[in-house]
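Take a look at the structure set out below.
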Amino acid sequence: MRVFLTGATGFIGSAIIPELIQAGHQVLGLSRSDTGADALRAAGADVQRGSLEDIESLRSGAAASDGVIHCAFDHSAFDQGFSRFIEACEQDRRAIETMGSVLAGSNRPLIITSGTGMGLPGPGRPAVEDHLDLEHPNPRTASEAGCVALSERGINVSVVRLPQVHNTVKQGLITYLVRIAREKGVSAYVGEGQNRWPAAHVLDVARLYRLALEKAESGRRYNAVAEEGIPTREIAEILGKGLKVPVVSLSSEKAQAHFGWLAMFSGLDMPASSALTRQRLGWNPTGPTLITDLENMRYF
Ligand SMILES: NC(=O)c1ccc[n+]([C@@H]2O[C@H](COP(=O)([O-])OP(=O)(O)OC[C@H]3O[C@@H](n4cnc5c(N)ncnc54)[C@H](OP(=O)(O)O)[C@@H]3O)[C@@H](O)[C@H]2O)c1
């Protein structure tokens, strides 16, 4: 299959490229820079120059492919305030609609990316694949709303929902926790730190994207979850040890000042199950655990 991959130069996209190529697929990766384009060619992919702002480049990439995996997202928005994050989510919805419209009438699959939090059915219960809460306060619901709109038009679209995706270099939101702990000189958690975050190793996640693409079952939502939930206190303790800073508990009032925009997530209990995903895709994660990767990370 010739696969158009957005976000191909990113953390997860760059792990998806070898996964696809080793399985006999060809990759057409989106890049907005010369450096990115060179990296894609070196990894064995063809290059579609363009960006999320350049709608025509998304159309061309999708039109030239048998299927699309969409991993691009403007994370610089995280550092520029909440309203910028909302804009980035709306940009994601537009990209999804654009590429989906190109695939209309063909049954060629589009795999989009979301977060496991979208499937939380209620306090204390793990997020599940078949639940979708479009009222969830996270603006990232825009991505799933875009997917629902395409599904209603008969387009073959499915969603990969991600937890904290990790290796020994990056770990999703935890990468920002490391930065905050380094800046503030303490590694913090909220309250008793019993709230849990799910996780999966990046190579397991890459395999899941490939399986979802090959299965091409329209309307499916997959949870790329290897570990259902690691207490945030445990995470803060490992970071404190690695950074050689004290570990502290903060009240939810103090969490806002300490974590900034990340306070939206820092106290959230968001366990997630992948039982249906494993069953539907035959996916069995085998990578190291989050704590193992955090223990083996080079903090200095
Ligand atoms: N990592 C996690 O733990 C995690 C958890 C939940 C959800 N996700 C989601 O998973 C997806 C992939 O995440 P990631 O960790 O791989 O992110 P990442 O490392 O930040 O990579 C983002 C990718 O998007 C590209 N990109 C950003 N803005 C763009 C724009 N305006 N036009 C074109 N491309 C643009 C980047 O290109 P450049 O190389 O040119 O910057 C890069 O290839 C995202 O949707 C993310 O929100 C990730």
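The values are calculated or read from the model by the stated rules, or taken from the named source; none is laboratory data. Here the structure is a predicted model, which means the values were calculated and not measured. Virtual Cβ from ideal backbone geometry, glycine too; neighbours counted across all protein chains shown. Side chains are part of the model used for accessible areas, which takes the heavy atoms of the whole protein and leaves out ligands, DNA and RNA. Shrake-Rupley method; radii C 1.70, N 1.55, O 1.52, S 1.80 Å.
Here is the figure for the stretch 27-45: residues that are surrounded by 15 or more Cβ atoms within 10 Å (Cβ to Cβ) and either farther than 14 Å from residue 206 by Cβ or not small (Gly, Ala, Ser) (or both) total 9. Within the span defined as the stretch 168-188, every residue fails to be aromatic (Phe, Trp, Tyr), assigned to a strand (DSSP E or B) and more than 10 Å from the ligand (Cβ to nearest atom).
Would you pick out the residues in the stretch 168-185 that are in contact with a Pro (Cβ under 9 Å, 6 or more places away or on another chain) and either buried (at least 17 other Cβ atoms within 10 Å of the Cβ) or among the small types (Gly, Ala, Ser) (or both)?
First, the residues of the stretch 168-185 that are in contact with a Pro (Cβ under 9 Å, 6 or more places away or on another chain): 168, 172, 185.
Once the filter is applied, which keeps residues that are in contact with a Pro (Cβ under 9 Å, 6 or more places away or on another chain) and either buried (at least 17 other Cβ atoms within 10 Å of the Cβ) or among the small types (Gly, Ala, Ser) (or both), the stretch 168-185 yields 172, 185.
Could you go through the stretch 89-101 and let me know if any residue there is among the small types (Gly, Ala, Ser) and farther than 21 Å from residue 16 by Cβ. Scanning the stretch 89-101 turns up at least one residue that is among the small types (Gly, Ala, Ser) and farther than 21 Å from residue 16 by Cβ. In this structure, residue 205 does not qualify as touching a Pro at 6+ places or on another chain (Cβ under 6 Å) and surrounded by 15 or more Cβ atoms within 10 Å (Cβ to Cβ).
Among residues of the stretch 90-110 that are β-branched (Val, Ile, Thr), those with a Cβ under 8 angstrom from a residue that is modelled with pLDDT of 95 or more and surrounded by fewer than 22 Cβ atoms within 10 Å (Cβ to Cβ), sequence gap 6+ or separate chain, pair up as 98/55; 98/59; 102/59; 102/63. For first residues located in the stretch 7-19 and closer than 10 Å to residue 71 by Cα and open to solvent by 20 Å² or more (accessible area, probe 1.4 Å), partners that are near the ligand (Cβ under 8 Å from one of its atoms) and among the polar types (S, T, N, Q) and lie 6+ apart or on another chain with Cβ distances below 6 Å form the pairs 9/31.
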